[in-house]
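What follows is a short report on a single structure.
FYI, it's all coordinate maths here, none of it is from the lab. Everything numeric in this text was worked out from a predicted model, so none of it was measured. As a convention, Cβ positions derive from the backbone with ideal geometry for all residues, glycine included, and neighbour counts pool all protein chains shown.
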Amino acid sequence: MAVKKAHVMVVTPHPDDAEFGVAGTVARWVKEGKDVIYVVCTDGEKGTDDINLKPAQLAKIREQEQRAAARLLGVREVIFLHHEDQGLEDTPEFRKEIVRLIRIYRPDIMVTADPYRRYVWHRDHRITGQVTLDAVFPYARDLFAYPDFLEEGLQPHRVKEVWLWASLDAINHRSDVSDTFDIKLAALRCHESQVGNNRFPRLGDWLRQRAKSMAEGENFELAEAFHRVEITW
Ligand SMILES: [Zn+2]
């Protein structure tokens, strides 16, 4: 398996979570010349209240929406794992899938949902975050974690940083998205099945307000906020 180095790997539970969480920062990284790739764990085929929209149809729509958003942001590649929406579990197979991708793409930075957000939190988000953290350390790093990967030529890899979105009370890093906020909003609008049709009538205002409050205390206007972990061991 050939290595396809990327600087940043974003692991998102559903199409659209990455746009809410990190799209402004992704657009900035791309402008700085970094290669960003997306890993989308489920197709989000249960994300509707329209009884006439069949899950298989919605999966196709949401895949297209995610690809359009990624294209707009300049994401190099989008990988769909096609797990069942609302069906993610912390299994050895899922973890191994993420480790395999880390070892192929060898990112410096991983971005995903904070699994430690308390109380009410989407189970798919919690599990995606947890499995990704476990995949980063120790499984992607350790030589003998997966002997079969070594035979395939997938060497261990040390990720340098993990950025977790939706951290709420654990935020320790605010990323300046003042110049890329408009691209973030446009990317979010690509998810028509989620934010269109008056489901989110004041999306732009709401998003800007949120980005403003996340930038509080910083010398820039708009931010995305994270719990950022540097991995030094
Ligand atoms: Zn989600």
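Here are the numbers for this structure:
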read-out: Under DSSP loop assignment and at most 15 Cβ neighbours within 10 Å, longest trypsin sites (Lys or Arg not before Pro)-free interval of the chain; value: 47-117
read-out: The chain: DSSP helices with Cα axial extent of at least 15 Å and average Kyte-Doolittle hydropathy no lower than -0.5; value: 17-31, 92-105
read-out: Largest-first ellipsoid semi-axes for the chain, taking √(5λ) over the Cα gyration tensor eigenvalues, angstrom; value: 27, 22, 16
read-out: Extent along principal axes [Cα atoms of segment 16-86; Å; largest to smallest]; value: 43, 20, 18
read-out: Label-point separation, Lys160 to Arg118 (7 Å along Cα→Cβ), nm; value: 3.3 nm
read-out: GNM flexibility winner over the chain from Val111, Val162, Val195 (Cα, springs under 10 Å); value: Val195
read-out: Ile79/Asp205 FRET efficiency (R0 35 Å; Cβ-Cβ; nearest 0.05); value: 0.60
read-out: Ellipsoid semi-axes in whole angstrom, largest first, where each is sqrt(5λ) of the Cα gyration tensor of segment 96-233; value: 32, 17, 14
read-out: Violating pairs (Cα-Cα greater than 30 angstrom) within the set Lys160/Lys184; Lys54/Lys184; Lys5/Lys212; Lys4/Lys31; Lys5/Lys96; value: Lys5/Lys212
read-out: Cα-projected label distance for Lys5 with Asp90, points at 7 Å along beta-carbon direction, nm; value: 3.4 nm
read-out: Pairwise FRET efficiency - Leu53 versus Glu216, Cβ, R0 = 45 Å, nearest 0.05; value: 0.70
read-out: The chain, relative contact order in percent, only Cα pairs under 8 angstrom and at least six apart counted; value: 25 percent
read-out: Cubic angstrom per residue, convex hull over Cα atoms of segment 152-233; value: 156 Å³
